[in-house]
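Inspection log for the structure reproduced underneath, given as structure tokens.
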4 protein chains.
Amino acid sequence: MPNEMQTPDTFSIAGRDYHSRLLVGTGKYRDMDETARAIEASGAQIVTVAVRRTNLGQTPGEPNILDVLSPDRYTILPNTAGCYDAESAVRTCRLARELLDGRSLVKLEVLGDEKTLFPDVLATLKAAEELVKDGFQVMVYTNDDPIVARQLEEIGCIAVMPLAAPIGSGLGIRNPLNIRTIVENARVPILVDAGVGTASDAAVAMELGCDGVLMNTAIAAARDPVLMASAMRKAVEAGREAYRAGRMAPKRFASASSPIEGLFF
Amino acid sequence: MPNEMQTPDTFSIAGRDYHSRLLVGTGKYRDMDETARAIEASGAQIVTVAVRRTNLGQTPGEPNILDVLSPDRYTILPNTAGCYDAESAVRTCRLARELLDGRSLVKLEVLGDEKTLFPDVLATLKAAEELVKDGFQVMVYTNDDPIVARQLEEIGCIAVMPLAAPIGSGLGIRNPLNIRTIVENARVPILVDAGVGTASDAAVAMELGCDGVLMNTAIAAARDPVLMASAMRKAVEAGREAYRAGRMAPKRFASASSPIEGLFF
Amino acid sequence: MPNEMQTPDTFSIAGRDYHSRLLVGTGKYRDMDETARAIEASGAQIVTVAVRRTNLGQTPGEPNILDVLSPDRYTILPNTAGCYDAESAVRTCRLARELLDGRSLVKLEVLGDEKTLFPDVLATLKAAEELVKDGFQVMVYTNDDPIVARQLEEIGCIAVMPLAAPIGSGLGIRNPLNIRTIVENARVPILVDAGVGTASDAAVAMELGCDGVLMNTAIAAARDPVLMASAMRKAVEAGREAYRAGRMAPKRFASASSPIEGLFF
Amino acid sequence: MPNEMQTPDTFSIAGRDYHSRLLVGTGKYRDMDETARAIEASGAQIVTVAVRRTNLGQTPGEPNILDVLSPDRYTILPNTAGCYDAESAVRTCRLARELLDGRSLVKLEVLGDEKTLFPDVLATLKAAEELVKDGFQVMVYTNDDPIVARQLEEIGCIAVMPLAAPIGSGLGIRNPLNIRTIVENARVPILVDAGVGTASDAAVAMELGCDGVLMNTAIAAARDPVLMASAMRKAVEAGREAYRAGRMAPKRFASASSPIEGLFF
């Protein structure tokens, strides 16, 4: 066995180590049972929950997602999906902290419009700054701009989560070079968030050097969500191992003398 | 558990069922030990061996690959790598059959030139015809032309193996639409052979509906071949499961009314 | 003015020099008038005509395409569209030669099936051999396989015409590396034939070093065929000039030390 | 002639109509003479000049670019290349206004770092706001984020100029869907700025519906800049005409019933 296969390959968020690099959401499933089975099959240890759409206890008497996803077993990552300005995002994080016994880990997203669901990076930077000052540990959804990613890190966000493609699009990684540049510059974990559509997309994200991938629709909207969750688990592991294994240099032909000879004309 | 996860998902070659859809070669490793460990990590059940480059017993007194890869455990798939005309390919298959106790399963490849290693499909068709008449069970390496693939099937080849990209290039699937068309038209197994470079490439091949993937350089020329073999095993499983799970329809935005609205302009 | 702009940049087919590198077909237009105006706007000097679908005189009393496209002004290139075997293609070429006063220039296409319209390269090679022996000057439609392209050249074809994508698909160049390889190996003109969808596709074909581009649907099925013909004329010239001008080396960043540093991961 | 070819197809910047949609820079040429010949061949009517690198009169006694590029003939567009914060960018615009007799048209760029030359959109938004208040007519370089583009328009910028790829990279349009979304949402002209490498890239930008393209390195760093300038002129015209002509719908095969049937799997 090589060293790489013996060393545990984990990454760390807010002081806790995780071996699973696949983070999942809870939206769009048929029912609570399918949600639970898909999350189980995904192997995820971190599950994100939209505070404005899911009952974490704010509506007493209704089914509570925490009854299905025990905080003892999963890291519950409350997110601000559905917030279109900094103020409501900050308010939503504070509500989540209360509902989750003072836990300060949140995923911030401030969206720019309802049609594209692209982030509003200006409002995101503002909200991130306020949340960090208020003691939150902020994982942050953003576009794939390397400068914005660096600014979010400088503000004190503990993880930066650039989009692969628009939320819910399933288009895969539209701009791998940008994701790669973000990874190369970062000193905090980089996780691709949004836009993954199928297993190979998740593998590509990991091969680019990302620390993890977060997804929801790609699993929930598959014909068989539980089987797709299993596919995604393996794809993330495959991409991670390929990244660590160091892929062969691509060449036009086996006989080429230079690795990338002639790939552009 | 959904039905898909309970049913064994196997494919059949020459009357035998295989659960592993990753086929590997034995070339370019540092030594026999690394070869064995990488093949072990890949989970492959079918291992292809270049008859003209590897000792299957034709050179007595030299190390024999069959001592490392037991035919009891692996299906040994002799191939005609290094043959540039139909006659030498046919002759090589006959030699392999003798060395392997009359087993008639072979992988035919007839190459067009030493620089590109593209197949010579005209010579391949000719050799395939002769081999089938002579009782061989022919898996055949070819280009990604759907008409040639159909002709090889009509001749009686038991599996058609289109290239993803030139042998040893690691460029990944250059023309997914052609591979898809070959898969849609086929009544025999289609396996992508040659050109895979990293894990996501293997996943893509399986997501296109291929029955399997054969590779050698992508594993052997990785910095850590054993870890890459593990990555490829998971990637092939991930891609297969994603294919069976039925991926979400890609859309420009979650809010789009039509699945692929506006993806071309 | 640099030398490149002073030298006439022509290419030669069957002993005649052409300055226009855009070849067009005559199918799918609304009427003869639109056909004529689009061809005029394209600047084409070579126009291909499907012998089995167009009246070149074989049906006396019907409108004759040669009345609209004078052989004095245009090189009429009869083609074998609609032929699915070598014999009918050869027969069609002989008919064309008779109708065109013994002119022996033809475009050979032998298709593999009606659904994909991919060429049958085996039948194409056979028909090409027979036509060359019979004194024809054969321009030949083929797939994008570099070995097949070389074999067609060796048989004596005077131009090789690989597809960009399936006929009538408008998908653009699916495998630029294959086209590039064909160009690098060739000693006869290489013209991309079939699959171009818009102006940039035609420019890409020329930037890969092709000698010309042949198209029909991309012009005829545009909303405004005459304007699209003008666009294609300029795109072919633009791509050709860019090829001759020698493009800058792509780099990840202006500050990168190596031209293609890090474009694959 | 169709209507489209008769109507003059111009676009408007700061109240003036332009028929050329190719804007060029003046950097990286061998000498003033090559600069002038390339700009001539490009057909550009708007020429951008880096105020911090080029003498517009601020260094008396040195050669002045305005002697080569007469403001009577060209619209001189001073830009803030080399500025890494809002303040220096604003100051540079004010200097330009003085040097150019009070003309208030500027191209704003505020860069994020020297390695990637990506824009700092936060600083750009700030500088744009200040410049608009100060009476400038601001064309603004930005990333390809549709929300940022809309915010720059709302601030009052008169044209938004998203990058195709990093400045000086020549990588072409990395994320066509983002550019398309920006175009669809805009009420001001959208011009692709930075990253174009060859003629087809420029054609693609125009086919996406952009109003124009600005480039410098792709011309200046070509082996023959003057010929490349001519190629770019034709490519921009070709892409624009193709956009107006309405391209055919792409399909997998001519026989497909739906335009984009099966392009994703």
Fill in the blank from the handout: Subset of region B:234-261, residues assigned to a helix (DSSP H, G or I) and either hydrophobic (A, V, I, L, M, F, W, C) or touching an Asp or Glu at 6+ places or on another chain (Cβ under 6 Å) (or both), comes to B:234, B:235, B:236, B:238, B:239, B:242, B:243, B:244, B:245
Practice task
Hey, can you tell me all the residues within region A:192-201 that are more than 8 Å from chain B (Cβ to nearest Cβ) and either surrounded by fewer than 24 Cβ atoms within 10 Å (Cβ to Cβ) or aliphatic (A, V, I, L, M) (or both)?
Solution key: A:192, A:194, A:196
Practice task
Please verify whether region D:227-239 includes one or more residues that are within 7 Å of chain C (Cβ to nearest Cβ) and farther than 28 Å from residue D:33 by Cα.
Solution key: yes
Fill in the blank from the handout: Screening B:40, B:87, B:34, B:98 for residues that are outside any loop (DSSP other than H, G, I, E, B), of a type outside the set (Val, Ile, Thr) and touching a Pro at 6+ places or on another chain (Cβ under 9 Å) leaves only B:34
Practice task
Within region B:202-223, track down each residue that is among the β-branched types (Val, Ile, Thr) and surrounded by fewer than 24 Cβ atoms within 10 Å (Cβ to Cβ).
Solution key: B:217
Fill in the blank from the handout: Among (1) closer than 19 Å to residue D:27 by Cα; (2) under 13 Å from the mean Cα position of the chain (by Cα); (3) more than 7 Å from every other protein chain (Cβ to nearest Cβ), residue D:217 falls short only on (3)
Problem - Given (1) within 15 Å of residue D:166 (Cα to Cα); (2) more than 18 Å from the chain's Cα centre (by Cα), index of the condition residue D:118 fails - result: (2)
Fill in the blank from the handout: Scanning region D:191-204 for residues that are within 19 Å of residue D:245 (Cβ to Cβ) and touching a residue at least 60 places away in the same chain (Cβ under 8 Å) gives D:202
Completion exercise
Reported set for region D:66-104 where residues are in contact with an Asp or Glu (Cβ under 9 Å, 6 or more places away or on another chain), crowded, with 23+ Cβ neighbours inside 10 Å and of a type outside the set (A, V, I, L, M, F, W, C) is D:79, D:80
Handout entry: Condition check for residue D:20: touching a residue at least 60 places away in the same chain (Cβ under 8 Å) and in contact with a Gly (Cβ under 9 Å, 6 or more places away or on another chain)
Key = yes
Problem - Whichever residue in region B:240-265 is more than 7 Å from every other protein chain (Cβ to nearest Cβ) and at pLDDT 95 or above and, among such residues, is surrounded by the most Cβ atoms within 10 Å (Cβ to Cβ) - result: B:240
Fill in the blank from the handout: The correct count of residues that are at pLDDT 95 or above and within 20 Å of residue B:27 (Cβ to Cβ) in region B:83-112 is 16
Completion exercise
Exactly one of B:162, B:189, B:176 is surrounded by fewer than 22 Cβ atoms within 10 Å (Cβ to Cβ) and more than 14 Å from chain A (Cβ to nearest Cβ), and that residue is B:189
Exercise for the section: Quick one: in region C:28-65, of everything that is exposed (fewer than 14 other Cβ atoms within 10 Å of the Cβ) and basic (Lys, Arg), which residue is nearest to residue C:159 (Cα to Cα)? Expected result: C:53
Fill in the blank from the handout: Apart from one, (1) closer than 24 Å to residue D:190 by Cβ; (2) in contact with a Gly (Cβ under 8 Å, 6 or more places away or on another chain); (3) in contact (Cβ under 8 Å) with a residue 24 or more places away in the chain all hold for residue D:151; the odd one out is (2)
Exercise for the section: Search region C:105-138 for residues being surrounded by fewer than 19 Cβ atoms within 10 Å (Cβ to Cβ) and under 18 Å from residue C:169 (Cα atoms), and hand back the single one that is nearest to the other protein chains (Cβ to nearest Cβ). Expected result: C:115
Problem - Residues of region A:159-190 that turn out to be farther than 22 Å from residue D:113 by Cα and either in contact (Cβ under 8 Å) with a residue 60 or more places away in the chain or of a type in the set (A, V, I, L, M) (or both), as a count - result: 5
Fill in the blank from the handout: Pairs returned, first residue in region D:74-92 that is in contact (Cβ under 8 Å) with a residue 12 or more places away in the chain, second residue that is part of a helix (DSSP H, G or I) and of a type in the set (Asp, Glu), beta-carbon separation under 6 angstrom, 6 or more apart or interchain, are D:90/D:130
Exercise for the section: From the list D:17, D:9, pick out the single residue that is modelled with pLDDT of 90 or more, more than 27 Å from residue D:94 (Cβ to Cβ) and not in a loop (DSSP other than H, G, I, E, B). Expected result: D:17
Completion exercise
The helices (runs of 4 or more DSSP H) lying wholly within region B:144-233 that contain at least 1 residues that are within 18 Å of residue A:235 (Cα to Cα) are B:199-207, B:217-220
Completion exercise
Scanning region A:49-81 for residues that are in contact with a Ser or Thr (Cβ under 8 Å, 6 or more places away or on another chain) and in a loop (DSSP other than H, G, I, E, B), the one farthest from residue A:98 (Cα to Cα) turns out to be A:69
Exercise for the section: For residue A:152, state whether it is at the interface with another protein chain (Cβ under 8 Å from one of its Cβ atoms), under 25 Å from residue D:120 (Cα atoms) and buried (at least 21 other Cβ atoms within 10 Å of the Cβ). Expected result: no
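The values are calculated or read from the model by the stated rules, or taken from the named source; none is laboratory data. Keep in mind that this is a model prediction, so the values were computed, not measured. Glycine also receives a Cβ, built like all others from the backbone with ideal geometry; neighbour counts cover every protein chain displayed.
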